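K.L.:
Take a look at the following structure, please.
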Amino acid sequence: MRHPLKKKKIISPDHRYNSTKVEKFINYVMKSGKKETARSIVYGAFEFIKEKEKIDNPLEVFDKALKNVSPLVEVRSRRIGGANYMVPREVRAERRLSLAMRWMLSAARSRKGSPMHKSLAEELIAASKESGTAVTKRINTHKMADANKAFAHFSW
């Protein structure tokens, strides 16, 4: 039997851009409860985007990057008759957003040799232009789902 759904914590919008997505992203960046450090990283990345792309609203780049990274389908393992099958499934909107944020952050953290706010900004810019590590991850996920399309009838 499945567990009941957990009550979702309502996230208040951030102070600078008045966006709940940005506040959620700050929470993903945060490590060991250091929220101010996470805020300075995200806002620093947005300032870097402003300078590099010469735009006044970095939220456009952020939203476009999230849209380009978020997967539409994913594969989940399912055991049927002693064999494991990778079953492609559609991704809920909420999970789509959280996966996109997680992939963006892991891609930015894997870039070594530069400050976090700079590597995060570069990853956001790359994702908004449909390139970069996070977009590659989404493409690979879609390819895997497409390759296992034959097992879609095992979906639950």
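Per-residue answers, yes or no, for (1) under 11 Å from residue 134 (Cα atoms); (2) not in a strand (DSSP E or B):
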site: 52; (1), (2): no, yes
site: 63; (1), (2): no, yes
site: 76; (1), (2): no, no
site: 84; (1), (2): no, no
site: 96; (1), (2): no, yes
site: 102; (1), (2): yes, yes
site: 106; (1), (2): yes, yes
site: 112; (1), (2): no, yes
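K.L.:
Under 6 Å between Cβ atoms, at least 6 apart or on separate chains: pull out the pairs that start in the range 115-140 with a residue that is without any contact (Cβ under 8 Å) to a residue 40 or more places away in the chain and at positive phi and end on any residue that is part of a helix (DSSP H, G or I) and of a type in the set (A, V, I, L, M).
P.N.:
132/126
K.L.:
In addition: List every residue pair whose Cβ atoms sit under 7 Å apart, with the two residues 6 or more apart in sequence or on different chains, where the first one lies in the range 25-38 and is surrounded by 14 or more Cβ atoms within 10 Å (Cβ to Cβ) and the second, anywhere, is part of a loop (DSSP other than H, G, I, E, B).
P.N.:
Pairs found: 26/14; 38/30.
K.L.:
Can I ask one more? Could you run through the range 39-67 and say how many residues are within 14 Å of the chain's Cα centre (by Cα) and surrounded by fewer than 20 Cβ atoms within 10 Å (Cβ to Cβ)?
P.N.:
3
K.L.:
Suppose we filter the range 1-24 for residues that are touching a Ser or Thr at 6+ places or on another chain (Cβ under 7 Å) and either surrounded by 14 or more Cβ atoms within 10 Å (Cβ to Cβ) or of a type in the set (Asp, Glu) (or both); how many remain?
P.N.:
1
K.L.:
Please enumerate the residues belonging to the range 96-114 that are touching a residue at least 24 places away in the same chain (Cβ under 8 Å) and either buried (at least 17 other Cβ atoms within 10 Å of the Cβ) or at positive phi (or both).
P.N.:
96, 97, 99, 100, 101, 103, 104, 105, 107 - these are the residues of the range 96-114 that are touching a residue at least 24 places away in the same chain (Cβ under 8 Å) and either buried (at least 17 other Cβ atoms within 10 Å of the Cβ) or at positive phi (or both).
K.L.:
Under 7 Å between Cβ atoms, which residue pairs at least 6 apart in sequence (or on different chains) link something in the range 80-95 that is on the phi < 0 side of the Ramachandran plot with a partner that is among the aliphatic types (A, V, I, L, M) and assigned to a strand (DSSP E or B)?
P.N.:
86/75; 87/75; 88/73; 88/75; 89/73; 90/73; 91/73
Coordinate-derived values only; no laboratory data. Quantities reported herein were computed from a predicted structural model and do not represent experimental measurements. Positions of Cβ are backbone-derived with ideal geometry, glycine not excepted, and every protein chain shown enters the neighbour counts.
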